[in-house]
Every structure is written in structure tokens, then in C-alpha cells.
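Chemist: Pasting in a structure now, in C-alpha cells, and then I'll have a few things to ask.
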2 protein chains.
Amino acid sequence: MAELVGNCLIGQSGGPTAVVNASVAGAITEALNHECIEEIYGCLNGVLGILNEDFIDLADESQQTIRALRYTPGAALGTCRYKVKKQQDYERILEVFKAHNIRYFFYAGGNDSQDTAARVGELAAEQGYDLRVIGIPKTIDNDLPIIDHCPGYGSVIKYICTTVQEMACDHDAMGQHDLVSILEVMGRSAGWIAAGSSLAKRRDHPHDPPHIILLPEVHFTAEKFLEDVQRVLKREKYCMVVVGEGLIDVDGNYITTSSVSTDAFGHVQLGGVGDYLRGLVEANLGIKARSAKLGISQRVAAHCASKTDMDEAYLAGQAAVLAAVGGETGKMVTLVRGEAEQYSCETGLADLHEVANGVKKLPAEWVNEDGVSMNFQYHRYALPLIQGEVDIPYTHGLPMFAHLDKGRVEKVMGSYET
Amino acid sequence: MAELVGNCLIGQSGGPTAVVNASVAGAITEALNHECIEEIYGCLNGVLGILNEDFIDLADESQQTIRALRYTPGAALGTCRYKVKKQQDYERILEVFKAHNIRYFFYAGGNDSQDTAARVGELAAEQGYDLRVIGIPKTIDNDLPIIDHCPGYGSVIKYICTTVQEMACDHDAMGQHDLVSILEVMGRSAGWIAAGSSLAKRRDHPHDPPHIILLPEVHFTAEKFLEDVQRVLKREKYCMVVVGEGLIDVDGNYITTSSVSTDAFGHVQLGGVGDYLRGLVEANLGIKARSAKLGISQRVAAHCASKTDMDEAYLAGQAAVLAAVGGETGKMVTLVRGEAEQYSCETGLADLHEVANGVKKLPAEWVNEDGVSMNFQYHRYALPLIQGEVDIPYTHGLPMFAHLDKGRVEKVMGSYET
């Protein structure tokens with residue numbers, strides 16, 4: 001295989017996570033090892049930064065900054081939810097790549113982003129432009145197919161479980177009985193995140209919360225929910241409910257008090273199911289209920305990230321560069337779990353086509369018959385993902401996160417209307 | 001002064017915090033140093049545990065457990081919001097004390113709890129029963145008078161600031177402009193907690209969030225709020241709002257979408273101001289808004305506690321025992337800030353009478369003229385309180401909190417109807 005010499009471009013897309021910057025740090029660090037990669041660029045705000053030719057020089061950032069990227073939440077290059085639809089957009093992308101001699105393109109994102117990456121790669125092949133495109137998995141939703149689990153997932157559920165355990169310390173302390181405490185978590189179309197809260201139950205502590213987990217996969221009815229709450233309150237002094245924001249009824253309607261709006265991808269923006277359940281309990285059972293909604297904070301809670309997750313995110317970034325330099329293209333890095341009892345994880349590759357727009361569902365057989373708790377199969381799957389803590393440096397009492405200088409790469413093309 | 005020999009009783013009251021157990025750990029550890037203190041008891045669920053004679057033997061707990069109490073959130077002895085009103089209740093308390101030879105009573109709590117402690121002490125004096133009563137300050141609300149700041153406050157604002165900084169990493173990454181992000185925090189009657197979020201702004205980073213802080217002390221009007229949001233969005237790509245749950249309008253009405261209920265003390269239970277503001281922005285400005293409500297999780301976020309706060313809480317517990325053994329009674333331990341530029345803090349004592357039911361207001365002169373941000377005086381006050389991180393041991397990926405064995409002390413009296 002002929003060595004491909006040129007510049008590399010790294011981009012981020014979709015919702016930020018606690019560890020997607022670790023993937024960028026891994027990719028940058030690995031890219032520096034390969035002479036065939038000349039310049040290391042980042043595109044600002046994902047594909048928008050390609051269309052607008054907004055590139056920054058990542059090799060120009062200090063080593064300290066790149067090291068700090070590893071534990072900095074968010075998406076340091078900026079991200080976007082812009083959906084590339086027009087053929088013209090893809091052609092513009094390729095023109096920009098050619099103008100900057102981009103030969104390696106690494107794109108960290110979820111399903112939609114991997115789809116974009118796949119199409120860019122295809123167009124390059126059609127035009128005979130030698131380009132290697134490798135996707136880096138990223139999503140707290142844990143819903144990418146093929147991959148064992150997604151970077152970002154372990155950290156969000158570690159944070160939620162920590163919060164559940166701390167709230168348990170609170171509720172255990174309250175003298176009153178019959179409190180219903182509702183925690184609304186993310187999860188637009190799958191219950192992976194809500195399911196994760198079950199790890200907060202310590203082994204051999206059957207009274208530990210959460211007592212009820214409401215998953216989008218299990219159709220909600222008010223009757224069953226209120227029965228479940230009453231059943232829990234017969235044996236516990238409080239009932240903690242963790243509910244995924246995407247909870248639906250048997251007709252597929254979202255359970256929410258809020259108005260519903262949609263984003264650029266047609267994804268429904270939700271909120272309010274926690275408040276809805278709170279009202280339901282108070283109105284029907286006449287007992288006190290409280291709700292909390294962690295919102296955006298849960299997906300970027302780097303101060304409570306999983307070291308396993310962060311290390312794997314970094315590894316995925318490195319693996320993307322190694323794969324591309326090794327001649328691969330049109331692939332996404334995957335995480336492959338070892339077969340042994342003791343958890344281990346290495347990277348693999350999957351066709352972008354197979355990943356793009358596919359969805360990994362929460363296995364129905366991992367939900368207990370009661371429909372509101374997870375069984376040992378889920379625990380065996382998820383527990384390794386939250387292991388280890390990340391040591392973040394603090395300054396003035398707060399985490400010291402990286403802030404990129406973002407030295408701009410000179411534009412060589414005309415502007416473009418997105 | 002004659003040495004007073006007998007048993008001691010430790011209780012917790014009011015809302016749990018990240019550090020009130022550290023005060024209990026401090027008191028237990030110090031009590032072990034004094035031979036005049038024979039048994040070390042805890043009452044379960046505050047004053048309810050005295051009325052019901054629900055005592056546990058704290059000296060029987062393992063040293064490991066007491067050490068772990070230091071970083072365990074909640075209120076390990078249990079707490080209550082029972083308001084002692086009847087004279088009969090106070091007389092019962094004293095009878096129980098006499099039956100168990102309780103000569104030292106340490107009560108960690110906020111305003112209401114210190115009032116209860118004061119009255120118990122008075123009744124003992126009236127009856128010629130030698131009893132030393134020392135209050136230990138505790139409240140995330142930071143509203144106790146005389147004391148420089150309250151244990152629990154530094155930790156809640158450290159957690160909120162960390163969350164604000166992480167959310168900033170998220171929002172900074174989003175390509176879209178004109179996002180309004182609303183974070184609802186606790187603070188029933190004062191803006192101390194919401195004000196604390198201003199520490200998330202790094203020095204010399206004027207663009208850092210929060211951009212708007214809504215305090216109960218500054219009467220809310222929708223017009224000014226919407227103007228403020230628009231003003232922020234002219235210079236920033238998103239606007240982060242931190243709002244205290246107790247926000248009121250000029251007539252003193254709470255700003256909320258939720259129904260209002262009251263607890264046993266007549267305190268109003270709030271919620272929903274974040275969602276209200278979100279609706280206001282979307283309906284009037286036609287731009288996207290998101291809200292999050294940390295709820296209970298914020299007051300018990302031990303995984304992100306302030307070491308300064310935790311150490312001071314522990315110190316307050318120790319100081320309570322030292323004061324009582326030294327002959328003091330009817331006092332609450334205070335925290336006294338040193339005069340020097342460099343932060344230092346030692347304990348003092350204040351009359352329980354002066355503390356009970358008093359309220360420390362957020363000084364109006366610490367709020368900037370814009371009404372939605374805090375000035376350097378607040379920063380100078382609060383920044384030292386969030387310094388230092390607490391190293392919590394983890395097991396299976398989650399914090400390893402203390403769980404008391406709660407070996408019961410035998411009851412010697414008849415039951416009592418509360």
C-alpha cells in the first residue's frame with residue numbers, strides 16, 4: 001500500500017459528552033507520530049466548519065492544552081446539528097478538502113455524523129481523490145450498532161448513579177414516609193441511560209434505589225405506574241423513580257407536560273415527563289412528590305467521569321489515526337469487549353455504512369418481568385463501564401478545563417451559503 | 001466549674017447536606033477524648049427520636065464507619081421537619097434526657113432546630129437539671145445570623161459552579177446561536193445559593209456564564225428579564241440563567257408554574273420557576289430555551305464537596321463538644337473569619353437565642369446595579385468557601401459512603417404520641 005501524504009482534519013458532531021474531547025486528544029497525539037500526516041487541523045462546528053472553511057491549527061496548541069483536552073467536557077472544536085442533505089454540500093466539502101490537501105478525515109459523532117462521513121468518503125472515491133475517512137464513535141445514548149458500547153455512555157451513567165446514591169442518603173435521612181422522588185434523565189429514543197441508574201443499587205442491598213425505572217421501551221400507563229409506586233411504598237419509606245425523557249404510551253405519544261418542538265434532524269426535543277409524573281402522584285395518591293431534571297449537565301459531568309470511558313474514548317481517537325495510516329477508509333472505530341470473565345476492551349473497525357443510521361436497542365431480555373428494573377445481564381454489561389475515577393486538576397476550587405487557542409488556518413476559497 | 005459527668009446525645013435536623021455528617025463525625029471523635037462523657041448516643045430523626053426514645057449507640061460503630069461519615073452526604077442519624085410546639089413535647093424531651101442521663105446535647109441544624117435546642121436548654125435550667133446544650137450550624141441556605149457562613153453552603157455552590165462550567169463547555173460547543181439555558185437552584189427565601197453560581201465566572205473572562213442570576217431579593221418582572229436575555233444574546237452566543245427557586249414578583253408572589261404546597265413549618269415548597277422562564281423565553285422571543293433543575297441532588301453532592309466546607313463542618317462538631325465540656329450551654333458554634341487578606345476561619349460561640357429564627361440576608365450592596373450579577377465583595381466572601389476537593393474512596397465505580405449499624409439503646413420509658 002502506497003503511503004498517503006497530506007493533512008488531517010478532525011471534527012466533532014452532535015451532542016457534546018464528557019469524553020469526546022479525549023478522542024480528539026487521542027487522535028492528535030497519535031497523528032503526531034506519523035510523518036505522512038503533515039498538518040493537523042480541526043474543523044469548527046463539525047461539518048459546518050468544513051463548508052465554511054473554518055479550520056484551526058491543532059498542532060499549534062500547547063501540549064498542556066492537548067493533555068487537558070482529555071478531561072475537558074463538551075466539544076472543544078465545536079459541534080453542530082446541521083444535516084448535510086444537498087449533493088452540493090458534499091461537493092463543497094470535497095473541494096475544501098482538496099484545497100487544503102486533507103487526506104485524512106476523522107469525525108467523532110453518533111449515527112447521523114457517521115452517515116455524513118460515509119458519504120464524503122464515497123464522493124471522494126467517485127472522484128478519484130485519495131481520502132481516508134474514519135469515524136470515531138461518540139454518543140451518551142449508547143445506540144450505535146455493532147460497537148459493544150459507546151464512548152460517553154459510561155460517564156453519563158456513572159454520574160447519574162452517583163447522584164442516585166447521594167439522593168438515597170438524603171431520602172434515607174428524612175423522617176417522613178411516603179416521599180416519591182423523581183429523577184428525569186436523558187434518552188430520546190432508548191432507555192440506555194435510564195437503565196444505567198440501576199447500577200446505583202449495591203449488590204445484596206435490595207432496598208437501594210432506584211425502585212422504579214421507566215424506559216421508553218416499556219409503554220407507560222398511569223395505572224401501572226401508580227400501582228408500582230404504591231407497591232414500593234408498602235416496603236420502602238420512599239420511592240425513587242428514574243425516568244427517561246423519551247417515555248411513551250402504547251400509541252407512541254410522549255408522556256410530557258411540555259410542548260414539543262423538533263430540531264434540525266426532526267428529533268423531538270423533550271422535557272417535562274418528571275413534572276408530569278410528580279403531578280400524577282400528588283393528584284392520585286395524595287402524597288408528596290419531588291422531581292429533578294439533570295438536563296444538559298448529565299452529559300458533560302466530567303468531574304464525575306468514568307476513567308474506563310475516558311481511556312476508551314482516547315483509545316478510539318488513537319485507533320482512528322492508526323487505521324487511516326494503515327490504509328483503512330470508510331470505517332468507524334468500534335469497541336470490542338473481550339470474551340473473558342474479567343473485562344477488557346480493544347478497538348475494531350466497522351463499515352460506516354453498517355453504522356450510519358443504525359440503532360442498537362436495549363435488549364428486552366435485560367429488563368425484568370416487572371418492566372421497571374434491570375436484570376443481571378444488564379449489570380454484567382454495564383458495570384465495567386463506570387469503573388475508575390478521573391483526576392482532574394482544580395484551580396480556585398473549580399476544574400481547570402482546556403480552552404483551545406484556535407489559531408485559524410488561512411482560507412483559500414470563496415465563501416459558501418449553507 | 002464542676003465537671004459534669006454523663007452521657008451525650010447528638011442529633012441532626014432539617015434538610016440534609018453534603019457535610020452535616022462531618023459535624024457528627026467531629027463531635028463523636030471529640031467526645032471520645034473526654035472522660036466526663038460516658039456514652040455517646042445519637043437520636044434518630046432529630047427531635048422525633050428524642051420524643052420516641054429512639055437512640056442508637058454511636059460508640060458502638062466501627063472507627064472506619066465514623067471516618068467515612070466525614071464524606072457521606074445526607075444525615076446519617078436521620079432528620080425531621082417536626083416542629084416542637086407543645087410544652088408537653090419539651091417536658092417529654094427532658095424526661096427522656098433524665099432517664100438516659102443525657103448531660104450533653106448537640107443538635108446540628110438550621111434556624112428552627114436552634115430554636116428547639118434553645119428551649120430544651122431553658123426548660124432544663126428551669127427544672128434545675130444540669131444539661132449543656134450546644135447547637136451545630138448546618139444549612140445550605142447560608143441564612144443563619146452571626147455566623148460568617150454556614151457549613152453546607154460552600155459545597156452546594158462548588159457543585160453548582162462546577163455544573164455551570166461544564167454546561168458552559170457544552171453550550172460553547174454548539175454551533176447554533178441564541179440558546180437560553182436555565183438552571184434552577186435551591187434557595188427558598190434568599191439568593192445565597194443562586195448568587196454562588198457567579199463564582200463559575202473565571203477572573204478576566206467576562207463572557208463566562210452565568211450571564212443572568214435571578215435572586216429572590218430582586219423582584220422579578222418578565223419585561224426586564226426578557227430585555228436582559230436579549231441584551232446578553234447581542235454579545236454572547238448563548239445566555240445562561242441561574243435562578244433561585246424562591247424568585248418573587250413585586251407583590252411577593254412566587255414565580256412558578258407549579259402548584260404550591262407547604263411543609264410542617266409553613267415553608268412553601270417550590271418548583272417550576274425554571275420551566276416558567278423557559279416558556280416565557282420561547283413564547284416571547286421565539287428562541288430555543290432549555291431548563292434543568294438539580295433538585296435535591298445539589299444539597300448532597302458529596303462527590304463534589306468543598307474540602308474547606310467539610311473541614312469546617314468537622315471542626316464545628318469538635319468545637320461543640322469542647323465548648324460543652326468547658327461549661328458552655330445555650331450556645332451555637334459559629335464560624336469566624338480571620339481579618340487577614342489570606343482566608344482563615346476559627347470557631348466561636350453565639351447565644352442560641354440570637355441565632356434561633358434569625359435570618360442573614362444576602363447584602364444588597366453585593367449585587368451589581370444590573371440586579372442580575374454579583375460584585376467583587378461577594379466574590380471575596382464566597383471564593384474561599386469552595387476551595388479544596390475531598391478524596392472519596394470508591395468501590396465498584398461509585399462512592400463508598402458510610403452506613404451506620406444503628407445498634408439501638410434500650411428504651412426505658414413508655415411510648416409517646418407525637
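Chemist: Using +1 at the Cβ of each Lys and Arg and -1 at the Cβ of each Asp and Glu in chain B, identify which of B:P393, B:L214, B:I10 lies farthest towards the dipole's positive end.
Modeler: Positive-end residue among those listed: B:L214.
Chemist: For label points placed 7 Å from Cα toward Cβ, what is the shortest-first list of nm distances from B:V359 to its copies?
Modeler: Shortest to longest, the spacings are 4.9 nm.
Chemist: May I ask what percent, to the nearest 5, of DSSP beta bridges between residues of chain B are antiparallel?
Modeler: About 35 percent, rounded to the nearest 5.
Chemist: Right, here's the next one. Sketch the reach of a paramagnetic label on A:D251 as a point 7 Å from Cα along Cα-to-Cβ, and name the residues of region A:215-235 whose backbone nitrogen lies under 17 Å away.
Modeler: Residues passing the 17 Å test: A:219-223.
Chemist: Between B:C36 and B:K224, what is the label-to-label distance in nm when each label sits 7 Å out along the Cα-to-Cβ direction?
Modeler: My value for the distance between the label points is 5.4 nm.
Chemist: At B:V412 and A:E346, where each label point lies 7 Å from the Cα along Cα→Cβ, what is the point-to-point distance in nanometres?
Modeler: The two pseudo-label positions are separated by 7.0 nm.
Chemist: Suppose we consider the axis relating copy B to copy A; can you name the residue of B with the nearest Cβ and state that distance in angstrom as an integer?
Modeler: Closest to the rotation axis on chain B: B:K293, 2.
Chemist: In addition: Dividing the alpha-carbon Rg of region B:98-158 by 2.2 N^0.38 Å yields what?
Modeler: So the Cα radius of gyration is 1.33 times the expected 2.2 N^0.38 Å.
Chemist: I've got another one for you. I need the inter-copy label distances for A:G371: point set 7 Å along Cα to C-beta, values in nm with one decimal, smallest first.
Modeler: 4.9
Chemist: Based solely on its DSSP helices, what 222 nm [θ] is calculated for chain A when runs of n ≥ 4 H residues each add -39,500 (n - 2.57) and the sum is averaged over all residues, nearest 500 deg cm²/dmol? Don't jump to the answer; show the numbers that get you there.
Modeler: Values: 12 runs with 136 residues, N = 418.
Result for chain A: -10000 deg cm²/dmol, rounded to the nearest 500.
Chemist: Using the Cα atoms of region B:273-416, I'd like the radius of gyration and the largest Cα-Cα distance, Dmax, both in angstrom.
Modeler: Cα-based Rg and Dmax for region B:273-416 come out at 21.8, 67 Å.
Chemist: Provide Rg and Dmax in Å for the protein assembly as shown, with only Cα atoms included in the calculation.
Modeler: 28.1, 99
Chemist: Using the count of nearby Cβ atoms within 10 Å as a rough guide to exposure, how do A:K288, A:K234, A:K293 rank from fewest to most? List each step's numbers first, then the result.
Modeler: Working: A:K288 17, A:K234 7, A:K293 27.
With the sparsest Cβ surroundings first, the list reads A:K234, A:K288, A:K293.
Chemist: Additional query: Most exposed first by the Cβ proxy, i.e. fewest other Cβ within 10 Å, how do A:H149, A:H379 rank?
Modeler: Result, fewest neighbours first: A:H379, A:H149.
Chemist: Order these by the 10 Å Cβ neighbour count, fewest first: B:I287, B:I392.
Modeler: Least to most surrounded, the residues fall as B:I287, B:I392.
Chemist: Further, regarding this structure: For peptide A:73-81, how many partner chain Cβ atoms fall within 10 Å of a residue's Cβ, on average?
Modeler: Numbers: counts 7, 10, 6, 3, 1, 4, 6, 4, 3.
Taking the mean over all residues of the peptide, I get 5.
Chemist: State the antiparallel share, in %, of DSSP beta bridges confined to the protein assembly as shown, rounding to the nearest 5.
Modeler: Percent antiparallel among DSSP bridges in the protein assembly as shown is about 35.
Chemist: Please compute the Kirkwood hydrodynamic radius over region B:6-90, one decimal place, Å, based on all pairs of different Cα atoms.
Modeler: Taking every pair of different Cα atoms in region B:6-90, averaging 1/r and inverting gives 13.3 Å.
Chemist: Could you tell me which of B:M174, B:H403, B:G330 has its Cα farthest along the dipole of the protein assembly as shown towards the positive end, charges placed at Cβ (Lys, Arg +1; Asp, Glu -1), taken about the Cα centre?
Modeler: Toward the positive end, the furthest listed residue is B:M174.
Chemist: Return the average number of partner chain Cβ atoms within 10 angstrom of each residue Cβ along peptide B:384-395.
Modeler: Values: counts 2, 1, 4, 4, 2, 8, 0, 2, 2, 1, 7, 1.
The per-residue average across the peptide is 3.
Chemist: What are the label-to-label distances in nm, one decimal and shortest first, from A:C345 to the same spot in the other copies, with labels 7 Å along Cα to Cβ?
Modeler: Label point to label point, same position, other copies: 3.8 nm.
Chemist: Given bins 5 angstrom wide, list per bin the percent of all Cα-Cα distances in region A:133-246, short to long.
Modeler: So the P(r) values, bin by bin, are 2, 12, 20, 22, 18, 12, 7, 4, 2, 1, 0, 0.
Chemist: Something else: Just to be sure I understand: with springs between alpha-carbon atoms less than 10 Å apart, which residue in B:G154, B:G338, B:G187 has the highest mean-square fluctuation in the Gaussian network model of chain B?
Modeler: Evaluated over chain B, the most mobile residue of the options is B:G338.
Chemist: Could you give the size of the charge dipole of region A:269-342 about its Cα centre, using +1 on the Cβ of each K and R and -1 on the Cβ of each D and E, expressed in debye and rounded to the nearest 20?
Modeler: In total the dipole reaches around 440 debye.
Chemist: Roughly how many debye, to the nearest 20, is the charge dipole of the protein assembly as shown about its Cα centre, given +1 on each Lys and Arg Cβ, -1 on each Asp and Glu Cβ, and no other charges? Working shown, then result.
Modeler: Numbers: 72 positive and 112 negative charges, 136 e Å.
Dipole about the Cα centre, nearest 20: 660 debye.
Chemist: Only Lys, Arg, Asp and Glu count, each charged at its Cβ (+1, +1, -1, -1), so figure out the dipole size of region A:281-418 about its Cα centre, rounded to 20 debye.
Modeler: 560 debye
Chemist: Let me know the Kirkwood hydrodynamic radius for region B:1-151, please, with Cα pairs as the basis and the value in Å to one decimal.
Modeler: 15.4 Å
Chemist: Sticking with this structure for a sec: Using just the Cα positions, wrap region B:76-121 in a convex hull and report its mean projected area in square nanometres, one decimal place.
Modeler: Mean projected area of the Cα convex hull: 3.5 nm².
Chemist: Give the calculated FRET efficiency between A:K237 and A:K85 to the nearest 0.05, with a Förster radius of 60 Å applied to their Cβ-Cβ distance.
Modeler: The pair A:K237/A:K85 has a calculated efficiency of 0.65.
Chemist: Further question: What value in Å³ per residue do you get for the convex hull of the alpha-carbon atoms in chain B?
Modeler: 150 Å³
Chemist: Report, as an integer, the average count of C-beta atoms from other chains found within 10 Å of each Cβ along B:285-295. Please list the in-between numbers first.
Modeler: Numbers: counts 0, 0, 0, 3, 1, 5, 6, 9, 9, 6, 13.
Mean partner-chain Cβ count within 10 Å for B:285-295: 5.
Chemist: Starting from the Cα of A:K85, draw a straight line to each of the aspartates and glutamates and keep only those under 16 Å, dropping any in the same chain fewer than 8 residues away.
Modeler: Correct list for A:K85: A:D112, A:D115, A:E122, A:D263, A:E417.
Every read-out reported here was derived from the displayed coordinates using simple, explicitly stated rules and does not represent laboratory data. All figures in this text were calculated on a predicted structure; none of them were measured in a lab. Glycine also receives a Cβ, built like all others from the backbone with ideal geometry; neighbour counts cover every protein chain displayed.
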